[in-house]
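This report refers to the structure that appears directly beneath it.
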Ligand code: HEC
Ligand code: HEC
Ligand code: HEC
Ligand code: HEC
Ligand code: HEC
Ligand code: HEC
Ligand code: HEC
């Protein structure tokens, strides 16, 4: 826990310094006006206990999550800020005084990911890489994949992304359906090959071209200059000049990288 707290104060200090830079980036790349939450004009921080009366189950679940452990001593506009619900939703006094309600003086990060970016600046950068999930574009949100209040608390990842492949299955049926010939790599999780927030590589891959596959499938030099991959000669002397044809999955060989129903060597 100690470690977590020190990370946080570091992060928060950095926000002060970077706030202007963040705004510049968002104005240049996003076509709407982005106010940096959690600042809600005129509102003060009231603490998590004030939310219990109306959002009891959320408060109860939330107490078990990583984010509830953050203790942040605010500066300037953030004086009195003690973390908890208001770290993402902004100061709650006006919302509470108004008796709550949608769109009533409270930030909903589903529509405003800036609320998460304040602390996860690196994620903002990832979503701006050339190949990324369309979150900045407003087509999805952090909560498409993360449960912010931690309903699935019994998972190793602190309730976030409980089962990685299941999260992706909501939207990507083709890649997540069962296959007669499965690719074991997929069982390890989509994130073994995809950098899911964003990547410099097409299809958000972690590595480019053959490098992706060779991470796990070693090339072994055989006699007379042959190169073996998984028991099969793939290059060198003889008829199997596979590597000369191009990429492992782009040259028509192992096109069914997510699994195949037809061929154990992962072909369609
Ligand atoms: C890590 C950031 C974060 C923290 C901390 C947090 N929330 Fe949320 N909250 C979210 C996000 C993201 C959503 C949008 C969820 C969605 O997609 O529907 C949300 C949505 C909500 C909603 C609206 C739910 C709905 O049905 O639309 C309520 C109410 C709420 N939060 C209350 C709380 C309370 C109370 C706490 C403290 C116990 C809290 N939140 C702490 C991120 C957070
Ligand atoms: C007097 C009751 C009351 C209190 C106290 C209260 N809320 Fe709410 N809040 C509501 C109601 C009612 C809604 C409308 C949505 C719903 O019914 O769940 C709401 C909605 C929200 C939403 C979603 C807003 C949106 O635009 O989608 C968030 C986030 C939220 N509350 C956070 C909080 C936080 C954080 C606190 C504590 C600081 C808090 N609320 C205290 C009654 C309350
Ligand atoms: C006040 C700062 C703050 C805000 C706001 C915030 N986070 Fe975090 N978050 C942290 C810290 C600190 C950690 C723990 C250290 C780490 O892993 O970076 C963390 C961890 C996480 C993790 C990783 C959990 C794990 O098990 O590794 C996820 C996912 C996450 N946050 C998502 C979000 C999302 C989504 C939002 C917005 C709805 C959000 N955070 C808002 C500070 C924040
Ligand atoms: C398309 C699904 C998806 C979306 C959308 C998404 N995430 Fe993630 N996120 C993941 C997955 C999957 C992991 C686990 C990555 C891993 O284990 O390598 C993760 C991990 C994280 C982590 C912890 C590990 C790390 O890389 O630091 C943080 C923090 C985080 N996400 C924040 C966010 C924030 C903030 C948003 C919204 C701005 C967001 N994520 C949107 C899928 C998503
Ligand atoms: C809420 C729906 C949703 C979820 C959940 C989701 N995605 Fe996506 N994904 C999309 C959308 C929308 C696109 C953009 C498609 C486009 O641009 O045509 C996309 C694009 C992709 C692409 C790039 C496709 C291309 O043609 O470049 C990959 C790879 C991908 N997602 C993997 C994942 C993984 C892995 C997960 C789970 C961690 C995941 N997605 C979760 C909606 C989702
Ligand atoms: C072994 C590495 C690997 C794993 C694991 C993996 N993928 Fe992929 N994925 C790829 C490669 C390589 C491509 C690009 C294929 C191409 O260009 O023909 C790709 C492409 C995609 C695309 C784009 C499809 C299209 O038609 O353009 C989506 C969506 C996707 N993957 C989702 C997922 C999901 C969801 C998972 C987890 C169930 C997953 N991937 C696991 C390697 C992998
Ligand atoms: C995370 C590690 C990992 C990555 C990355 C990976 N694989 Fe695999 N792959 C495996 C494992 C484990 C097996 C099953 C054991 C075996 O046959 O080597 C497998 C099996 C295969 C098979 C079936 C072997 C056979 O009998 O013909 C093919 C084909 C294959 N992978 C191709 C690829 C391609 C193409 C890529 C790149 C897109 C790739 N793999 C990336 C781990 C991985």
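The values are calculated or read from the model by the stated rules, or taken from the named source; none is laboratory data. Predicted model only: the values in this text are computed from it and were never measured. As a convention, Cβ positions derive from the backbone with ideal geometry for all residues, glycine included, and neighbour counts pool all protein chains shown.
Table: residues versus (1) assigned to a strand (DSSP E or B); (2) near ligand 6 (Cβ under 9 Å from one of its atoms).
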{"site": "186", "(1), (2)": "no, yes"}
{"site": "203", "(1), (2)": "no, yes"}
{"site": "210", "(1), (2)": "no, no"}
{"site": "213", "(1), (2)": "no, yes"}
{"site": "216", "(1), (2)": "no, yes"}
{"site": "220", "(1), (2)": "yes, no"}
{"site": "224", "(1), (2)": "no, no"}
{"site": "228", "(1), (2)": "yes, no"}
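Which of the residues spanning the stretch 115-124 are surrounded by fewer than 19 Cβ atoms within 10 Å (Cβ to Cβ) and touching a residue at least 60 places away in the same chain (Cβ under 8 Å)? Listed by number, the residues that qualify are 121, 123.
Does residue 150 count as at pLDDT 90 or above and within 16 Å of ligand 2 (Cβ to nearest atom)? Considered against the rule, which asks whether it is at pLDDT 90 or above and within 16 Å of ligand 2 (Cβ to nearest atom), residue 150 comes out as no. When the residues of the stretch 201-223 are filtered to those that are loosely packed, with under 13 Cβ neighbours inside 10 Å and either within 22 Å of the chain's Cα centre (by Cα) or within 22 Å of residue 133 (Cβ to Cβ) (or both), which remaining residue is nearest to ligand 4 (Cβ to nearest atom)? Ranking the candidates gives 203 first.
Within the stretch 88-110, take every residue that is in contact (Cβ under 8 Å) with a residue 12 or more places away in the chain and on the phi > 0 side of the Ramachandran plot and give me the one that is farthest from the chain's Cα centre (by Cα). Once the filter is applied, the top-ranked residue is 100.
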